[in-house]
Every structure is written in C-alpha cells, then in structure tokens.
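One structure, pasted below without further comment.
The values are calculated or read from the model by the stated rules, or taken from the named source; none is laboratory data. From a predicted model like this one, the values you see are computed outputs, not experimental measurements. Ideal geometry is used to build each Cβ from the backbone, glycine not excepted, and the neighbour counts take in all protein chains shown. With ligands, DNA and RNA removed, areas are computed over all heavy atoms of the protein, side chains included. Shrake-Rupley method; radii C 1.70, N 1.55, O 1.52, S 1.80 Å.
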Amino acid sequence: MSESQAEARLTQDRFDISALVAKADHRREAGDRRAANAYYAAALRIAAARPSTDSGVLRDVARAETGTRWLGEMFQQALVDALEAAGYPRDKQHPRFRKSLDMMLGITQRPPEYRPYPQKPMAHYYPDVEYLQFADTSHYDWVPKIEAGFDAMKAEALALLADHQGFEPYMKATGERPQTDHHGLLENPDWSTLYLWQNGAPVEEHISRCPILYQAIIDHAPLCHIGPRAPSIMLSLLRPGAKIPPHTGMLNSRLICHLPLIVPPDCGFRVGSETIAWQEGKIIAFDDSVENEAWNNSAFERLVLIFDIWRPEITAEERAQITAMFAAVDNYR
C-alpha cells in the first residue's frame with residue numbers, strides 16, 4: 001500500500017499491523033531510518049500482544065523482524081563511529097558510560113534489580129548510580145537561592161493562570177511516529193504545560209510572562225543540558241480531578257525537580273513507595289525512572305514548575321560522553 005494509504009488506515013486503527021509495516025517500509029526507503037524502526041517496533045509490539053493467524057499479517061511481521069535487525073546493525077555502527085569522531089572511542093570512555101553503551105547496544109544485559117520499584121528509564125539506563133526515589137535536597141546549595149524568591153514567582157504563576165494562554169496538552173498527537181494514547185491523556189488538557197525552555201532553546205514568548213521564575217532557574221539550578229532533549233523547563237498544570245497515571249521517564253542520569261507554585265489541598269505525588277504532598281515554594285528532586293504518579297483531587301488547579309538537573313555523582317567527563325551519545329542518536333537518520 002502507499003504511504004498515504006497506510007496513514008489513512010492508521011488514522012482509523014492505530015493497531016493495524018500491516019499499515020504500520022507499510023509505513024515503516026516507506027520511511028526506510030525515504031532514508032528516515034529512525035522513523036522506520038519506530039514503526040516496525042510498534043508493529044512487533046502489537047503482534048506480540050495480539051497474535052494473528054492471517055498469512056498476510058504474518059508475512060508483514062516477519063518483514064518487520066528483518067527490518068529491525070538490519071536497522072539495529074546500522075544504528076550500532078553509526079553510533080560507534082559518531083562517538084569515535086567526537087573523541088570517545090571505546091578505550092577513552094568512562095567505565096560507567098561504556099557499560100551503559102554496551103547495555104544499550106545489546107552487547108551485555110542489564111543485571112536484574114530486585115526491588116519493588118526498580119529504575120526503568122525508557123531511553124537510556126546508566127549503571128552504578130545511587131538508587132533513590134526522592135533526593136535529599138538539603139545537600140543542594142542552590143535550592144535556598146531559588147526558594148528565596150518564591151513570593152515573586154508565585155505572583156507570576158497566578159497571573160499565568162488568570163488566562164491560561166499558551167498552555168497546551170502535555171501529550172500531543174504527531175504523525176511522525178506511531179501514536180499511542182497513554183491512559184487517555186493524548187490531547188487531553190487536564191494535564192497541560194507551558195514551556196520556558198524546549199528543544200534546546202528558551203521560549204522567549206513564554207519567558208516574557210514569567211521572567212523572575214525563569215531567571216531564578218537559569219541562574220541557580222545545575223540544569224542537565226543534552227542538546228534538544230534537556231533541559232525541559234516547564235509549568236505543569238493539573239486540572240481539578242485530574243490524574244497522571246503511573247509511568248517512568250526517559251533517563252536515570254538526571255533528576256527531575258519540582259518547584260510547587262500553586263498547590264490546593266488534596267493533591268499528591270508518589271515516586272516508588274514514597275508519597276508526598278507538595279509544599280508551595282519547597283523544591284523536591286526525584287528519579288523519574290522510578291515509577292511515579294500524581295493527582296489533583298481538589299476543585300482547584302495545581303501548578304508546578306518542572307526542570308531537570310544532572311545527578312550530582314555523574315562527573316563532567318561522563319556528562320560530556322552522555323551528551324555526545326545523544327547528539328549521535330539525534331543526528332542519526
């Protein structure tokens with residue numbers, strides 16, 4: 001089928017295996033290997049969850065398996081070459097980074113983690129870092145510097161909520177990759193965001209509406225800079241009665257920080273086995289590769305500023321290598 005026919009079928013049924021494989025084939029032919037791999041992988045996930053006896057579907061699944069193997073080999077070589085070009089051949093890689101890369105490429109397997117809530121980063125697992133759910137922010141000298149200006153920051157937050165301008169659903173539909181709807185949150189304004197820093201650059205239009213808030217984070221927080229991936233500095237709006245279901249984030253080489261700005265009663269947040277109630281003006285930091293969820297059981301809106309920082313124990317050398325790796329991933333086509 002043509003690519004437009006595949007897209008039309010996926011609009012009708014995002015679980016259509018043959019349409020996913022056809023879309024992957026066309027992306028592969030167009031030289032967009034990352035998209036091709038995403039569509040092949042989606043087809044294989046659905047085939048595993050919903051086995052079919054249709055001979056045509058089985059042929060498509062076999063083609064997806066072949067395609068993912070070939071694409072995996074191409075990606076592995078491209079990543080190794082890019083790291084060497086950046087000055088990080090295998091013999092110059094930090095031991096922890098080298099272990100993470102070997103697990104990412106399937107050369108070695110991640111050791112089992114026997115705990116109720118293990119680290120499950122969706123994009124990259126970094127080994128041998130401290131397991132934690134919430135971090136002890138009393139050790140961070142930058143935290144009091146941000147919290148000291150809370151009154152002015154809250155005033156900006158209240159003004160933002162007065163008109164909701166610029167807030168958009170956190171999960172937005174896209175035609176560039178297979179689309180999933182996580183617990184009904186796709187295009188759902190119950191969980192909305194306003195970005196101050198996104199895709200590797202400040203969002204000046206939004207910053208102009210809360211300059212004090214933005215500058216406090218830029219001046220003091222040890223932000224995790226990884227090209228267009230991080231940091232994300234955003235205001236997270238959770239509407240009355242809304243919930244963010246249990247999920248895990250992309251990386252465990254960073255920590256996510258919350259600065260609660262407007263928190264009505266009956267709001268809560270869980271990371272692993274620990275549950276807290278946000279306190280306005282008090283920063284928390286946590287590992288979002290551990291299962292976490294949030295809820296607003298009140299009749300009012302909750303607003304939290306979110307940003308990401310490097311894990312303190314990850315050295316400057318490791319940070320540079322992680323950043324180079326993701327640059328190679330992002331540049332891969």
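Looking at 77, 109 in this structure, which one is on the phi < 0 side of the Ramachandran plot and in a loop (DSSP other than H, G, I, E, B)? Give the derivation first.
Numbers: 77 fails: in a loop (DSSP other than H, G, I, E, B).
Going through 77, 109 in turn, the sole match is 109.
If you don't mind, another one. Considering each of 229, 177 in turn, give the residue that is at pLDDT below 95, within 30 Å of residue 97 (Cα to Cα) and in contact with a Leu (Cβ under 9 Å, 6 or more places away or on another chain). Working first, answer last.
On the way: 177 fails: in contact with a Leu (Cβ under 9 Å, 6 or more places away or on another chain).
Among 229, 177, only 229 is at pLDDT below 95, within 30 Å of residue 97 (Cα to Cα) and in contact with a Leu (Cβ under 9 Å, 6 or more places away or on another chain).
Okay, moving on. Please go through segment 117-129 and pick out each residue that is open to solvent by 70 Å² or more (accessible area, probe 1.4 Å) and modelled with pLDDT under 95.
Passing the criteria: only 122.
Further, regarding this structure: Consider residue 144 carefully, then state whether it is modelled with pLDDT of 75 or more and loosely packed, with under 14 Cβ neighbours inside 10 Å.
Details: modelled with pLDDT of 75 or more: yes; loosely packed, with under 14 Cβ neighbours inside 10 Å: yes.
For residue 144, the condition - modelled with pLDDT of 75 or more and loosely packed, with under 14 Cβ neighbours inside 10 Å - is met.
Same structure again: Name the single residue, out of those in segment 296-320 being outside any strand (DSSP E or B) and under 21 Å from residue 156 (Cα atoms), that is most open to solvent (accessible area, probe 1.4 Å). Before you say what the answer is, go through the steps one by one.
First pass over segment 296-320, keeping only residues outside any strand (DSSP E or B): 297-301, 311-320.
With the extra rule that they be under 21 Å from residue 156 (Cα atoms), the set shrinks to 300-301.
Numbers: 300: 134, 301: 45 Å².
Here the residue is 300.
Right, here's the next one. Restricting the search to segment 276-292, which residues are in a strand (DSSP E or B) and within 14 Å of residue 120 (Cα to Cα)?
Selection gives 286, 292.
Tell me, which residue of segment 270-289 that is in contact with a Ser or Thr (Cβ under 7 Å, 6 or more places away or on another chain) and hydrophobic (A, V, I, L, M, F, W, C) is nearest to residue 151 (Cα to Cα)?
Of segment 270-289, the ones in contact with a Ser or Thr (Cβ under 7 Å, 6 or more places away or on another chain) are 283-285, 288-289.
Add one more test, that the residue is hydrophobic (A, V, I, L, M, F, W, C), and what stays is 283-285.
Working: 283: 14, 284: 18, 285: 21 Å.
In this case the residue turns out to be 283.
Please tell me if residue 287 is surrounded by 16 or more Cβ atoms within 10 Å (Cβ to Cβ), in contact (Cβ under 8 Å) with a residue 60 or more places away in the chain and in contact with a Cys (Cβ under 6 Å, 6 or more places away or on another chain).
On the way: surrounded by 16 or more Cβ atoms within 10 Å (Cβ to Cβ): yes; in contact (Cβ under 8 Å) with a residue 60 or more places away in the chain: yes; in contact with a Cys (Cβ under 6 Å, 6 or more places away or on another chain): no.
No: the conditions fail for residue 287.
In segment 93-103, is there at least one residue being in contact with an Asp or Glu (Cβ under 7 Å, 6 or more places away or on another chain), assigned to a helix (DSSP H, G or I) and open to solvent by less than 50 Å² (accessible area, probe 1.4 Å)?
Initially, segment 93-103 is screened for residues in contact with an Asp or Glu (Cβ under 7 Å, 6 or more places away or on another chain), giving 94, 96-97.
With the extra rule that they be assigned to a helix (DSSP H, G or I), the set shrinks to 96-97.
From the residues that got through so far, the ones that are open to solvent by less than 50 Å² (accessible area, probe 1.4 Å) too are 96-97.
Yes, because at least one residue in segment 93-103 is in contact with an Asp or Glu (Cβ under 7 Å, 6 or more places away or on another chain), assigned to a helix (DSSP H, G or I) and open to solvent by less than 50 Å² (accessible area, probe 1.4 Å).
Is there any pair linking a residue in segment 94-106 that is closer than 24 Å to residue 71 by Cβ and polar (S, T, N, Q) to one that is open to solvent by 40 Å² or more (accessible area, probe 1.4 Å) and not in a helix (DSSP H, G or I), with Cβ under 7 Å and at least six apart or on different chains, and which?
Close Cβ pairs satisfying both conditions: 100/125.
Could you please let me know if residue 154 is under 14 Å from residue 280 (Cα atoms) and touching a residue at least 12 places away in the same chain (Cβ under 8 Å)?
On the way: under 14 Å from residue 280 (Cα atoms): yes; touching a residue at least 12 places away in the same chain (Cβ under 8 Å): yes.
Judged against the criteria, residue 154 is a match.
List pairs: first in segment 225-253 and in contact (Cβ under 8 Å) with a residue 40 or more places away in the chain, second of a type in the set (Val, Ile, Thr) and open to solvent by 10 Å² or more (accessible area, probe 1.4 Å), Cβ under 6 Å, 6+ apart or cross-chain?
Here the result reads 226/323; 234/306; 236/306, each pair linking segment 225-253 to a residue that is of a type in the set (Val, Ile, Thr) and open to solvent by 10 Å² or more (accessible area, probe 1.4 Å).
Can you tell me how many residues in segment 222-260 are in a loop (DSSP other than H, G, I, E, B), hydroxyl-bearing (Ser, Thr, Tyr) and open to solvent by less than 10 Å² (accessible area, probe 1.4 Å)? Before you say what the answer is, go through the steps one by one.
Of the residues in segment 222-260, the ones in a loop (DSSP other than H, G, I, E, B) are 222, 224-225, 227-229, 231-232, 239-242, 248-250, 252-253.
The next check asks that each one be hydroxyl-bearing (Ser, Thr, Tyr); those that pass are 232, 248, 253.
Those still in the list that are open to solvent by less than 10 Å² (accessible area, probe 1.4 Å) too: 253.
The total comes to 1.
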